[in-house]
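I have placed the structure first, in the form of structure tokens, so that the comments after it can refer back to it.
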Amino acid sequence: MKRVALLGATGSIGRQAIEIIEAHPALELCAASSGSTPLDGVNAPLKQVGGDLTELLERAAPDVVLNAVVGFAGIHATLWAVENDVPLALANKESLVAGGELVDGRGRIIPVDSEHSALFQCLEGQAGVESLVLTGSGGPFRGRTRDELVAVTPEEALAHPTWRMGPKITVDSATLANKGLELIEAHFLFGIPYERIEVAIQPTSIVHSLVRFRDGATLAHLGYPDMRVPISYALTYPERAATPAPPLDFTSLTLQFEAPDVETFPMLRLARQAGEAGGTAPCAYNAANEVAVAAFLEGRLPFLAIADVVGDALDRADIAAARDLDDLVEADRRARELAEQGLPVS
Ligand code: NAD
Ligand code: MG
């Protein structure tokens, strides 16, 4: 039996994880948490709404932690798993973006993010890696000009073409901040410098990512967009259990790739800059983005202003070394404050 502590059990990833755990005889839910939603339908011996996630993890003593919390709030659980050397199935990319320098190759992290699960699998047992190619759908606004984005609404941003996800990551997909966070996530997960991580748009989300090798070979990971596959992989690793995902029908596929439009979607370029700056810069990028996305979803900020708020907060933040959790908590707090100051007065 593998005992799973599921943090963020009521979310999009959390609900799909419960489906995977219930279908697998060797997986057992030992603890479940949510931020504020009741856990009524969730069957676990330990349940917690709100509160300190590390206390829950101490009590649960799980074999694996699935961190499916959204946002910086997941950082304590990520660092707990790394410091206690408990395997971490990581969906909460924001915690690795903010805290990557503290994690610094320690711990046993199996990514749940579909692109990183793909990269993890393409990299296993390999040498001679040239570069990583992170794929993305381009989101609901792919192909649009800035003029065509001036008046887009939260409803339009939430209509993702290929994935059904929680609201924050869906807006991140529309701005390409999600790909920016994933670029930093890939850097910390695989220890590859930023100049050797490319981003390619693959609109149907069939190619989940690729790895180029020095001999000219490229390995890709393909499948329909279905998060149950990387969730199951992370929870049953290295076993690779069966899932309800349908097999890929090659005969109906044409695969197209294009370059990301970083002029129209500056959040990807800002992420690369923050990643290369290092220290507390990725943490500040993430925090400012969380504030801007929340304001956009509340109708308080136009879509194109999300990148303005984040760019301005990064310009004004004092980027320093990230030595410990206190440094990150302070960088997160300060970047939120700067981002709030950049919001229109209502
Ligand atoms: P969601 O909004 O659907 O669910 C978030 C979960 O986190 C909920 O259970 C919520 O109660 C909990 N939560 C929120 N704030 C919290 C707090 N302050 N403290 C503790 N718990 C809190 O989000 P989601 O789409 O399931 O995404 C979860 C994470 O997985 C995000 O980091 C996201 O980027 C990542 N991810 C999601 C998908 C997807 O398909 N949904 C794909 C790849 C990566
Ligand atoms: Mg992803």
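The values are calculated or read from the model by the stated rules, or taken from the named source; none is laboratory data. The model shown is predicted, which means the values in this text are computed figures rather than measured ones. Every residue, glycine as well, gets a Cβ built from its backbone with ideal geometry; the counts of neighbours run over all protein chains shown. When the accessible area is computed, the model is the full protein with side chains, heavy atoms only, and any ligands, DNA or RNA have been set aside. Shrake-Rupley method; radii C 1.70, N 1.55, O 1.52, S 1.80 Å.
Points to keep in mind about this one:
- When Ser232 is tested against the conditions (1) out of contact with any Leu (no Cβ under 6 Å at 6 or more places or on another chain); (2) open to solvent by less than 50 Å² (accessible area, probe 1.4 Å); (3) over 30 Å from Val86 (Cβ atoms), the lone failure is (3).
- Checked against the criterion of being open to solvent by 60 Å² or more (accessible area, probe 1.4 Å) and either of a type outside the set (Asp, Glu) or at pLDDT below 95 (or both), region 171-190 has no qualifying residue.
- Note on region 251-281: residues that are in a helix (DSSP H, G or I), modelled with pLDDT of 95 or more and under 24 Å from Met227 (Cβ atoms) amount to 3.
- Checklist (1) touching a Leu at 6+ places or on another chain (Cβ under 7 Å); (2) within 12 Å of ligand 1 (Cβ to nearest atom) applied to Val199, failing item: (2)
- Checked against (1) within 16 Å of ligand 1 (Cβ to nearest atom); (2) in contact with an Asp or Glu (Cβ under 7 Å, 6 or more places away or on another chain); (3) more than 17 Å from Pro282 (Cβ to Cβ); (4) in contact (Cβ under 8 Å) with a residue 60 or more places away in the chain, Pro140 passes all but condition (4).
- Ile184 falls short of the stated requirement of being within 20 Å of Arg108 (Cα to Cα), of a type in the set (Val, Ile, Thr) and in a loop (DSSP other than H, G, I, E, B).
- Against the list (1) away from ligand 1 (no atom under 14 Å from the Cβ); (2) open to solvent by 10 Å² or more (accessible area, probe 1.4 Å), the condition Val207 fails is (2).
- Counting only residues that are surrounded by 11 or more Cβ atoms within 10 Å (Cβ to Cβ) and in a loop (DSSP other than H, G, I, E, B), region 127-149 holds 10 of them.
- First in region 212-225 and of a type in the set (A, V, I, L, M), second anywhere and assigned to a loop (DSSP other than H, G, I, E, B), Cβ under 8 Å, 6 or more apart: Leu219/Gln126; Leu222/Ile206; Leu222/Leu248
- Per the listing Glu124, Glu156, the residue uniquely away from ligand 1 (no atom under 13 Å from the Cβ), open to solvent by 10 Å² or more (accessible area, probe 1.4 Å) and in contact with a Pro (Cβ under 7 Å, 6 or more places away or on another chain) is Glu156.
- Extreme residue, least open to solvent (accessible area, probe 1.4 Å), among residues of region 315-330 that are part of a helix (DSSP H, G or I) and either over 13 Å from Gln341 (Cβ atoms) or modelled with pLDDT under 95 (or both): Leu328
Listed here are the residues, each with its yes/no results for (1) of a type in the set (Asp, Glu); (2) surrounded by fewer than 23 Cβ atoms within 10 Å (Cβ to Cβ); (3) in contact (Cβ under 8 Å) with a residue 40 or more places away in the chain.
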{"site": "Ser36", "(1), (2), (3)": "no, yes, no"}
{"site": "Glu58", "(1), (2), (3)": "yes, yes, no"}
{"site": "Asn67", "(1), (2), (3)": "no, no, yes"}
{"site": "Ala73", "(1), (2), (3)": "no, yes, no"}
{"site": "Asn84", "(1), (2), (3)": "no, yes, no"}
{"site": "Ala89", "(1), (2), (3)": "no, no, yes"}
{"site": "Asn92", "(1), (2), (3)": "no, no, yes"}
